[in-house]
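Below is one structure, written out as structure tokens; comments come after it.
Just so you know, all these numbers are worked out from the coordinates, no wet-lab data involved. Just so it is clear, the model here is predicted, and its values are computed rather than measured. Don't worry about glycine lacking a Cβ; one is built from the backbone with ideal geometry, like all the others, and counts go over all protein chains shown.
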């Protein structure tokens, strides 16, 4: 009786130890199915928030069960993320890493930081229950397992129901409620058999056999022990084979079937020796590996020392070469800079001399023209005064007309001078917009209507009203006023002035301003087309002209992205050919 009691107690102790070990081992590994949705949600969050690169890395490390790297990356994420949903994922992965590393205190702390509204909170409860189960806190573990609603399809997708039933049954077993333990373990086995997870099935068979054994239902217990044993021989790991063989040996000894017990015991010893040999081989391999690594490390250190010496020597030569190259480069650079500065200074001096000469010439011309105009106006006023005193009223109209022409010419010259000054200082308002070309020409012609009638000159604008140009209206009017003023000035009474469209395309409009006046020589034409005001002798007057108006026209057209060309012959009239940018919408 004493021996039999000892055997029974030893069996119970062995089975109890196997039950506890297997229950913890079965579900300590990361389950792919239950964590797949979690990882997918976390990766979707990283795609939405590009700055959560560490969360993407965390998912990869969790999938490869590199828990140390998970902890490192989640620590960085705690300093980076702010949203509560993002923090739920971070705390969950940290808790999972601590759980798998067996650091249960910090695992529970991180799980407790996850909000109840977290869509994977059922996984949090399940994992906390597993921790309490491993700590033999069965009531706390059972409360957590029972709080998971297995009727909710969404929750079922996030955890393994067979694992939940299995662990719930284990809790009831340790609490002495064998009926509930049997009920939940049978449910777990039904689920596992469908999944064909043979490792979990071996553990579940063993646990259910232990439940029956504790209730002295030996036949049922032995039946499940045998199932576990047969599965372990085919699908189990060496540890499971060792445990199953040991369980069968103890059971057969209890049944006093010592020949079978001896068979299982030998098998147990064989597997135990195999594991021991494997461990010894592994230890020897580790020692050899450490020795090989140490030898290689010494070789590496020696090579590193040699490389450092060679690198130091190479760095010395490289530094000397770089220093010499730097001296050559900087010397060449400063020499070229001095040459360039000298050229720039010389060019600026030449430009300044030219500008000063142009300025002096311009002031001389303008002062001469102004003096001539004022003198002519003074003489004309004296004649007008004499005729009034002599009461020669018939000739007053001609004299007043002469005064008006002189005043108009003087005003136009001063206006050109002002516009030229504004252009040089960039002080004028300038805004390019689309305008109807015909309308601008008509506006300018209207201001000269009195002069045209007085001189009996006909004006005709044939530009279609649909033609639009892209230009600044005021600067273009200055150009047109100069054209009109010159055409009137150098045309005899009875002459004609016409404006015609030459051609148009998708980008530009070309028109001509034509008069039948006195024209000009080729020399004068070329001087007027030059880039700066020059002293020019007018071909048909005994006065000096500056060419300022035509230079101003060229500058204004250039600013509007336009071009000017002149065709003229003496006594055959003049054509001002202008090209302007076309409005983007074309005709309307």
Checklist entry - Which stretch or stretches of region 438-458 have amide N atoms under 17 Å from the point lying 7 Å from residue 498's Cα along the Cα→Cβ direction? => result 457-458
Checklist entry - In what sequence, highest mean first, do 90-98, 106-114 appear when ranked by Cβ atoms within 10 angstrom? => result 90-98, 106-114
Checklist outcome for this item: Counting only backbone N atoms under 17 Å from a point 7 Å out along Cα-to-Cβ of residue 234, the residues of region 171-202 in range are 190, 192-202
Checklist entry - Listing 516, 58, 574 from the residue with the fewest other Cβ atoms within 10 Å to the one with the most, what is the order? => result 516, 574, 58
Checklist entry - At what distance in nm do the modelled label points of residue 258 and residue 106 sit from each other, each positioned 7 Å from its Cα along Cα→Cβ? => result 5.4
Next on the checklist: 7 Å from Cα along Cα→Cβ at both residue 66 and residue 433: what's the point-to-point distance in nm?
Outcome noted: 6.6
Checklist entry - At what distance in nm do the modelled label points of residue 309 and residue 505 sit from each other, each positioned 7 Å from its Cα along Cα→Cβ? => result 7.6
Item to check | Potential lengthening between residue 386 and residue 465 on full extension [0.36 nm per residue; Cα-Cα distance subtracted] | outcome: 23.4 nm
Next on the checklist: I need 56, 134 ordered by Cβ neighbour count within 10 Å, fewest first.
Outcome noted: 56, 134
Next on the checklist: Quick check on packing: order 324-332, 37-45 by the mean number of other C-beta atoms within 10 Å, highest mean leading.
Outcome noted: 37-45, 324-332
Checklist outcome for this item: Rounded to the nearest 0.05, FRET efficiency between residue 317 and residue 342 (Cβ-Cβ, R0 35 Å) equals 0.40
